[in-house]
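K.L.:
Just dropping this structure here.
The values are calculated or read from the model by the stated rules, or taken from the named source; none is laboratory data. Nothing here was measured: the structure is a model prediction, and the numbers come from that model. A quick note on method: Cβ atoms are made from the backbone with ideal geometry, for glycine too, and the neighbour counts reach across all protein chains shown. With ligands, DNA and RNA removed, areas are computed over all heavy atoms of the protein, side chains included. Shrake-Rupley method; radii C 1.70, N 1.55, O 1.52, S 1.80 Å.
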Amino acid sequence: MTVTDPVAIGQAVARMLDEQRFSDVADRFAPPLRALVSATALQQAWDAELARTGPISAVGEPVIEPGGPWAGRVSVAVTGERGGFTVVMSLDDAGLLSGLQFTAGAWEAPPYAHPDAFEEQEITLGSGSPAVPGTLSLPRGRGPWPGVVLLSGGGPFDRDATSGPNKPLKDLAWGLAGRGVAVVRFDKVTYAHAAQVAELKEFTMAEEYVPHAVAAARLLQSLPGVDATRVFVAGHSMGGKVAPRVAAAEPSVAGLVIMAGDTEPIHRAAVRVAGHLASMSGDPQMAELLETVTRQAALADSPDLSPATPAADLPFGLWPGSYWLDLRGYDPVATAASLDRPMLILQGGRDYQVTVQDDLTRWKAGLGHRPDVTIRVYDADDHLFFPGTGPSTPADYARAQHVDPQVVADVAEWLLKWDRTAGQRVGQDAGRERPH
């Protein structure tokens with residue numbers, strides 16, 4: 001059915017949270033959100049907010065946000081004794097929660113960003129209905145600068161890869177632009193045109209990323225202040241997985257930065273991650289989720305998979321059978337190995353989603369022998385390259401953080417020092433693995 005009263009839904013969900021009825025809230029999750037967040041994880045994120053704000057003293061009225069790719073986006077302000085935060089709910093056409101975030105306020109620039117050193121402008125990539133908006137971050141001065149296209153992970157992400165109060169791609173863009181790198185980031189087509197994409201009978205990872213990434217690279221190459229021979233692609237998570245495919249489609253791409261790029265087949269990784277979370281939480285709902293994901297992964301691996309297989313029957317509930325068939329036929333390491341381009345491969349040591357053992361080992365096996373490939377592990381960093389201690393959990397993403405400054409500095413240094421025309425890296429660490 002169609003959502004007719006998002007305000008009523010917002011009121012109901014806010015009331016359940018205030019009453020700590022987390023299972024009732026989880027029952028309202030759309031399948032993709034249910035595959036990622038349990039009632040226990042929701043409670044942990046809620047408790048983390050209350051630890052900062054103190055007991056709740058007031059819950060505001062729902063406010064409908066105009067526009068956006070969902071049927072409705074509703075915000076509810078929550079006030080505590082020592083501060084407040086906002087519950088942001090995204091509703092699908094059936095009135096289910098396709099997104100739920102707790103935001104403590106506006107994003108703040110990380111300490112390593114220097115906004116006076118660059119300027120930003122809105123751009124559009126592509127033409128017609130699939131066109132997507134984006135942002136160009138351009139260093140001040142004359143250049144020539146290297147350029148980089150940023151690709152976010154799997155799912156309907158905006159240009160900043162917004163996750164709760166965090167914007168890791170904006171951290172990276174601002175950190176790089178302030179160091180003399182031109183940057184383009186953009187809303188994924190699954191974010192900007194969610195309803196239109198959902199109506200497609202067939203859709204693939206290549207269609208989700210490649211056309212707009214290639215358009216972004218060509219835009220950078222056309223700018224007077226950018227060195228057209230040094231335009232790179234940097235992808236995070238699934239964006240890192242697909243980055244070699246972008247470079248294969250656009251030979252002018254100078255090289256790749258792969259950040260927590262997954263190489264393990266995603267349906268198998270989904271079972272591993274669900275099992276990890278179930279063992280950590282002891283939540284019976286997570287055990288049920290593991291059973292569901294295991295069944296869905298078996299279908300993704302099955303010869304019975306077809307383009308017509310519904311997304312709801314497959315892991316995450318996000319992508320139809322055509323998407324999974326495309327994933328099954330794509331080997332990111334083999335594709336990367338076929339490219340004569342330099343690469344910087346980065347991995348967080350505390351990442352439980354894309355791991356050193358399950359994913360980085362494949363990058364190292366296929367590319368570690370090459371002198372133009374540099375591999376670095378940041379032992380303290382999680383999947384979003386946020387530094388911390390102890391086991392990483394989904395609740396960590398609800399806390400405001402920034403991308404590790406060492407990661408930003410290393411990416412900037414690599415982009416600035418690689419000289420493709422000379423055929424070599426300016427420096428001594430190419431091909432070496434360096435832990436942090």
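K.L.:
So what J values fall out for segment 214-220 if you push phi through Karplus, 6.51 cos²θ - 1.76 cosθ + 1.60 with θ = phi - 60°, rounded to Hz, Gly and Pro as x?
P.N.:
Per residue, the Karplus-derived 3J(HN,Hα) values read 5, 4, 5, 4, 5, 4, 4 Hz.
K.L.:
Can I ask one more? Would you mind counting up the charge near residue 195? Only other residues with Cβ under 11 Å from its Cβ, with Lys and Arg at +1 and Asp and Glu at -1.
P.N.:
So the surrounding residues net to -3.
K.L.:
If you don't mind, there's one more thing I want to ask. Using Cα positions and a limit of under 23 Å, work out the lysines in reach of residue 201, with same-chain residues fewer than 8 apart set aside.
P.N.:
188
K.L.:
I'd like to check one number: the per residue accessible area of segment 23-165, probe 1.4 Å, reported in Å² as a whole number.
P.N.:
I get 44 Å² per residue for segment 23-165.
K.L.:
A further question on this structure: Mind checking which lysines have their C-alpha under 17 Å from residue 364, skipping anything on the same chain fewer than 8 residues away?
P.N.:
Result set, ordered by chain and number: 241.
K.L.:
If you average the alpha carbon positions of segment 310-357 and of segment 234-264, how far apart do those two centres end up, in angstrom?
P.N.:
What the calculation gives is 10 Å, centre to centre.
K.L.:
Summing +1 for each Lys or Arg and -1 for each Asp or Glu, what net charge is found among the other residues whose Cβ lies under 12 Å from the Cβ of residue 271?
P.N.:
Within the 12 Å Cβ shell, the charges total -1.
K.L.:
Under 16 Å Cα to Cα from residue 170, which aspartates and glutamates show up? Leave out anything in the same chain fewer than 8 places away.
P.N.:
Residue 170 reaches 108, 116, 119, 120, 122, 158, 160, 187, 404.
K.L.:
Under a Cβ-Cβ cut-off of 14 Å, what is the net charge of the residues other than residue 300 that fall near it, where Lys and Arg count +1 and Asp and Glu count -1?
P.N.:
Local charge sum for residue 300: -1.
K.L.:
Report, to the nearest whole %, how much of the accessible area of the chain belongs to carbon and sulfur atoms, 1.4 Å probe, protein only.
P.N.:
Here it works out to 54 percent.
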